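*Asks:* Could you have a look at this structure, given as structure tokens, before my questions?
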Amino acid sequence: MTAALAAPSPVGGAKTRINDFSIQVATVNGSGSQTANTVLLRAIFQMGVFVSGKNLFPSNIAGLPTWFTIRASAKGYVARKASNEMLILMNPETAKEDIAKADPGALVIYDEPLQLDKLRSDLAYTPVPFQKLVTASCPEPKLHKLVKNMIYVGVAARLLGIDMEEVKKAIAKQLKGKAKAIELNQTACVAGYDWAMENLEDQDHIKVVRDNKTQGLIIIDGNEACALGALFAGVTVVGWYPITPASSLVETFIEYAEEYRKDPKTGKSTVAIVQMEDELASAGVVLSAGWAGARSMTSTAGPGVSLMSEFIGLGYYVEAPGVFFNVARTGPSTGLPTRTQQSDVELCAKCSHGDTLHVNLYPGNMEECFQFAYDAFDLAERFQTPIFVVTDLDLGMQNWSSKPFAYPSKPYDRGKVLNQQQLAEVKDWGRYKDVDGDGIPYRTLPGTPGGKGAYLTRGSGHNAYAQYSEKPEDYLEVMDRLKRKYETAKSHVPGPVFRNQGSDKGVLAFGSSDPAVIEAQDILAEGGLKTDYLRLRALPFTAEVDAFVKEKKVVYVVEQNRDGQMANLFRETYPEHATKFKSVLHYDGHAIDAKSVVDQITAFEQK
Amino acid sequence: MTTTTSATPAPSAPTNKLGFTKQDYVGSKSTLCAGCGHDSITAQIINAAFESSLEGYRVTKYSGIGCSSKTPAYFINQGWGFNSVHGRMPSIATGASLANRTLINIGVSGDGDSMSIGMGQFVHAVRRNIPMIYIIEDNGVYGLTKGQFSATADKGSHLKSGAVNDFPSIDPCTLAIELGCGFVARSFSGNPKQLNAILKAAFAYQGTVVLDVISPCVTFNNHDASTRSYKHVKDHDFPLHDLGFIQYSEVEEVDIPAGETEIVTFPDGSKVSIKAIHEGYEPTDRFGAMKAIHESMAKGEFLTGLLYINPTQPPLPEVLNLVDEPLATLGEDLLKPSPAELDKIMQALM
């Protein structure tokens, strides 16, 4: 055993960072490291410390490099932090590069045979004989590869001061009821911990100290939160097609539906879920099910939305409801399918050919993923149109801590649907007549008895009575009413959230950029630059957004794409304020971090 | 089911079991070319729906894009229709049939809409056995864009302009049999009697019916060098059998004449009687049917009639074990889990 090199004190004698650090773990995908990393994250969470995790994984099943970053933050900052105080290097392929990129002073735990300690002198090295430890603690050779990662969890727990009981609890939680696996992993983890106790000096570089910040919180990812929102919203037809990073939304829904969507009397299913042959067919199922009165949804990512766009234009024009989750990833084309981006903003805002405008919801945290998924079904039926819920890989697939979700007690809004009795009373029903002046017509559902209300839905030109028409005045009547309907949506979509410091300088962001912007806003304020932050939560822009744009001298639009797509929408909507919008961009596939925001805004301010 | 519509028959017009006249099953006026085969098919849909006493409000009509796809406007105005996008009619029928399993679904497509742009959706709808009659109005040509070849055009056949088709044709019927379809039929728009019998049987069938109807395009594909002209099809049409359809009735027990007539019984008790004309053709023999169709096609003949029948396969709503009532109208009480259930879910995530 060559554990002679103990973990030294922080290089340069810096102060101990308590509950305020990042750990990056470099492994090979398919090696079970996801379980180990989630256990480490959960153990810190159970110590009462705010924690967030970012899994940077390849588009591959096994054998390629993967990195997992865990950030603990006493202040509750949960954005990705670009610098790391601890590295755990398990992958020979990337170890040298990881060392080269390491921040000075970082604590490096690595697999002993990699012999990394000569590469740089400004890092604190802790070599660990993983193979020896795994051989000693795990009797089954074929499981060595999977269990090996648990050893670094034990070593890290010791060095960070995490209570081993919390680690064991986290393992049991993660491996839900699989007794043999729990025991195997706990044993390996303890072996790492004991070895570190025996062979390493303690360090005071970074530490976890028990706190009470996470009491009563849950850990969840956005796809599961959206799936739960859809479950409570009573979705009844799901047509979908697998695509990263959106698949787990429907897959999680399927698991919940097994338990919560069976008729208690008959055991039969109250939801139809069909994996379709492609995204085109998924969109067809969603819109026609909505047309026939079901609450319907699909979950997809950018390439899927592109394929669905013909149908989405149909849905807009014939006014068929449906909920479309877009868990965005890095485009264009296949792009970086396992990396995050907010680059479908314009696609979803105006999806399809011709003049189309869609209601979009941008949840920015887990509670909103749940709530907006729930609300999307009401909006779809109220406005009889496709609704996009736009998240991204960062929200959708990463672990987030959250308050438990509040019960959505608001009853379903099934919109303007005329039943047999109502139809009987209506004298002159027209499918596309604007009776109430809000642009929303009354619809009927196929299968309604009584001999009234049947019509033929068509993607070709139609008049207020759903009859085929090529007359200019009929075309204009429908198109202008659709615009009015979109205007009406302004008073129904969620308004923005403000975080104001009393400034005439505005920062505007949406979705997963929120944590980085909050942190950046604090850093900027510490440096003397106060800002007012508006977090946009929906399209169309509401009156509060109008007011914000009008009153600010400058609006920094923070978004995770190259072309400043949201800023473009703002310039188009508010041409008289077009010069106010400055783009703060982050689009390399990693989740946005506070430093990027601070640096870019600072650079603008210094101009 | 009951209907709440009181039919208002003309004084002498015959009525069906529900008291409706044939007029109650018509649609808007056709805007297709005079003499179009599609209009003959529309007429038989109306006749068969009337004779089968369908409840019009339960009928839904789906289509994609093309001449054929205009026709849902021309029949059963009491039912709802959805004229969607090119080649995507099957997914529209899939979603609506899941949303409301009590609907009677008729999809009308063409050879272009189904065998080219819509091939993927055709294949998968058939595979899933969605409850619908899938009619392909097959003229071997794109009519609405003025006469290009479709994928069902025979190799070597000529366009009006003289252009020759260099590629082999796709046959929707053998393809459907291959895909496991339990009701595959071919007919000819010029044979109303046969088409009527097939449609009535199709209305009683629970899963996907694939019905390829050769329907000559009088404007673009009715010339002498065409293999889809009226004259050519009439000369090469080989009806397999005389078909009869006996709708299930709780009150009347119908005697089927003994002899050479084969009887296929549907799960609802309806019966199809098949009296062979073409010797040795057995419509319940999947592989035999495939062989016979291929042999006849090689000779340039159209075998028409019920090509293959197997009424035992469960349709999609059954496969998915859906509740009996329409999903579309389930109440919030049945759909929304309780606060205690949300609490349980949240506890598991802590």
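*Asks:* Along the charge dipole of the protein assembly as shown, pointing to its positive end and built from +1/-1 on Cβ of Lys, Arg, Asp and Glu, which listed residue (A:152, B:109, A:376) has its Cα farthest out?
*Replies:* The listed residue farthest towards the positive side: A:152.
*Asks:* Continuing with this model, one more query. List, in order, the whole-Hz ³J(HN,Hα) value for each residue of the stretch A:245-258 obtained from phi through the Karplus relation with A = 6.51, B = -1.76, C = 1.60 and θ = phi - 60°; use x for Gly and Pro.
*Replies:* Going residue by residue, I get x, 9, 4, 5, 5, 6, 4, 5, 4, 4, 4, 5, 4, 3 Hz, with x marking Gly and Pro.
*Asks:* Moving to a separate point now. Once you keep just the Cα pairs under 8 angstrom separated by 6 or more residues, what percentage relative contact order results for chain B?
*Replies:* Averaging sequence separation for qualifying contacts and normalising by length gives 15 percent for chain B.
*Asks:* Within 10 Å of each Cβ in peptide B:59-67, how many partner chain Cβ atoms are there on average? Round it to a whole number, please.
*Replies:* Taking all residues of B:59-67 together, the mean is 2.
*Asks:* Continuing with this model, one more query. Using Cα-Cα distances under 8 Å and only pairs 6 or more residues apart, what relative contact order does the stretch A:220-402 have, in percent?
*Replies:* 30
*Asks:* Now a separate question. Specify whether the C-alpha gyration tensor of the stretch A:376-437 places it in the rounded, prolate or oblate class, a ≥ b ≥ c being the square roots of the eigenvalues: rounded for a/c under 1.5, otherwise prolate if a/b is larger than b/c and oblate if not.
*Replies:* prolate
*Asks:* Between residue B:325 and residue B:144, with labels modelled 7 Å along Cα→Cβ, what's the label distance in nm to one decimal, could you check?
*Replies:* 3.8
*Asks:* Next question. If you take every DSSP beta bridge fully contained in the protein assembly as shown, what fraction is antiparallel? Give it as a percent rounded to 5.
*Replies:* 35
*Asks:* Extending each Cα 7 Å along its Cβ direction at residue B:238 and residue A:479, get the distance between those two points in nm, one decimal.
*Replies:* 5.5
*Asks:* Given the options A:536, A:575, A:523, identify the residue whose Cα lies farthest towards the positive end of the charge dipole of the stretch A:497-606 (+1 on Cβ of Lys, Arg; -1 on Cβ of Asp, Glu).
*Replies:* A:575
*Asks:* For residue A:293, list long-range residues whose amide hydrogen, built 1.01 Å from N in the peptide plane, is under 5 Å from its own amide hydrogen.
*Replies:* none
*Asks:* Among B:130, B:153, B:76, whose Cα sits farthest toward the positive end of the charge dipole of the stretch B:28-158 (+1 at Cβ of Lys/Arg, -1 at Cβ of Asp/Glu, about the Cα centre)?
*Replies:* Of the options given, the answer is B:130.
*Asks:* Right, another one. Between residue A:122 and residue A:183, what's the calculated FRET efficiency when r is the beta-carbon distance and R0 is 35 Å? Round to 0.05.
*Replies:* 0.30
*Asks:* Separate question: Per DSSP H run of at least 4 residues, take -39500 (n - 2.57); add these up for chain A, divide by its residues and hand me the 222 nm value, nearest 500 deg cm²/dmol.
*Replies:* Calculated at 222 nm, the ellipticity per residue is -11500 deg cm²/dmol.
*Asks:* Further question: What does the charge dipole of the protein assembly as shown about its Cα centre add up to, to the nearest 20 debye, if the Cβ of each Lys and Arg holds +1 and the Cβ of each Asp and Glu holds -1?
*Replies:* In total the dipole reaches around 1120 debye.
*Asks:* Which whole-number percent gives the relative contact order of chain A, counting Cα pairs below 8 Å spaced six or more residues apart?
*Replies:* Contact order relative to length: 12 percent.
*Asks:* Cut-off is 10 Å between beta-carbons; in what order do A:351, B:217 appear when sorted fewest neighbours first?
*Replies:* So the ranking, lowest neighbour count to highest, is A:351, B:217.
*Asks:* Quick check on packing: order A:214-227, A:519-532 by the mean number of other C-beta atoms within 10 Å, highest mean leading.
*Replies:* Packing order, densest peptide first, comes out as A:214-227, A:519-532.
*Asks:* Suppose R0 equals 45 Å; then what is the FRET efficiency for residue A:562 and residue B:263 from their Cβ-Cβ distance, rounded to the nearest 0.05?
*Replies:* 0.10
*Asks:* Can you give the % of DSSP beta bridges in the stretch A:220-402 that are antiparallel, to the nearest 5?
*Replies:* 15
*Asks:* Once you average over the residues of A:289-302, how many Cβ atoms of partner chains fall within 10 Å of each Cβ?
*Replies:* Mean partner-chain Cβ count within 10 Å for A:289-302: 5.
*Asks:* Further, regarding this structure: Taking H as built 1.01 Å from N, whose amide H comes closer than 5 Å to the amide H of residue A:400, not counting residues under 5 places away?
*Replies:* A:220, A:221
*Asks:* DSSP beta bridges in the stretch B:106-212, what fraction antiparallel, as a percent rounded to 5?
*Replies:* Approximately 20 percent, going by the DSSP bridge assignments.
*Asks:* Just from its helices, what would the mean residue ellipticity at 222 nm be for chain B, if runs of 4 or more DSSP H residues each count -39500 (n - 2.57) and the sum is divided by every residue, rounded to the nearest 500 deg cm²/dmol?
*Replies:* -8500 deg cm²/dmol
*Asks:* Suppose R0 equals 56 Å. What FRET efficiency, 1/(1 + (r/R0)^6) with r the Cβ-Cβ distance, do residue B:12 and residue B:163 give to the nearest 0.05?
*Replies:* 0.60
*Asks:* Then there is this: Between the helical axis of A:279-291 and the dominant principal axis of chain A, each derived from Cα atoms, what acute angle in degrees is found, rounded to the nearest 10?
*Replies:* Tilt of helix A:279-291: around 50 degrees.
*Asks:* Name the residue, out of B:69, B:97, B:249, whose mean-square fluctuation peaks in a Gaussian network model built on chain B with Cα pairs under 10 Å.
*Replies:* B:249
*Asks:* Please identify which residues in the stretch A:300-328 have an amide N closer than 16 Å to a label point set 7 Å out from the Cα of residue A:59, following the Cα→Cβ vector.
*Replies:* A:300-307, A:327-328
*Asks:* Let me ask something additional. Which whole number gives the average, over all residues in A:258-269, of C-beta atoms from other chains lying within 10 Å of the residue C-beta?
*Replies:* If you average over the peptide's residues, the count of other-chain Cβ atoms is 4.
*Asks:* Also, quick follow-up: Just grab the label-to-label distance for residue A:251 and residue A:426, each label 7 Å out from Cα along the Cβ direction, in nm (one decimal).
*Replies:* Each label point is offset 7 Å from its Cα along the Cβ direction, giving 4.3 nm.
*Asks:* Which residues does the label zone of residue B:277 cover in the stretch B:208-233, counting backbone N under 11 Å from a point 7 Å along Cα→Cβ?
*Replies:* The answer is none, because no backbone nitrogen lies closer than 11 Å to the label point.
*Asks:* Where nothing but the Cβ of Lys and Arg (+1) and of Asp and Glu (-1) is charged, how large is the charge dipole of the stretch A:11-215 around its Cα centre, in debye to the nearest 20?
*Replies:* In total the dipole reaches around 780 debye.
*Asks:* Could you work out how much longer the chain between residue A:176 and residue A:499 gets when fully extended? Use 0.36 nm per residue separation minus the Cα distance between them, nm to one decimal.
*Replies:* In short, 112.4 nm is gained.
*Asks:* Nearest 20 debye, what's the magnitude of the dipole of the stretch A:497-606 about its Cα centre given +1 on Lys and Arg Cβ and -1 on Asp and Glu Cβ?
*Replies:* 200
None of the figures in this text is laboratory data; all of them are computed from the coordinates on show. Owing to the predicted nature of the structure, the values given are computational and were not obtained by experimental measurement. Reconstructed Cβ throughout: ideal geometry from the backbone, glycine too, with neighbour counts over all protein chains shown.
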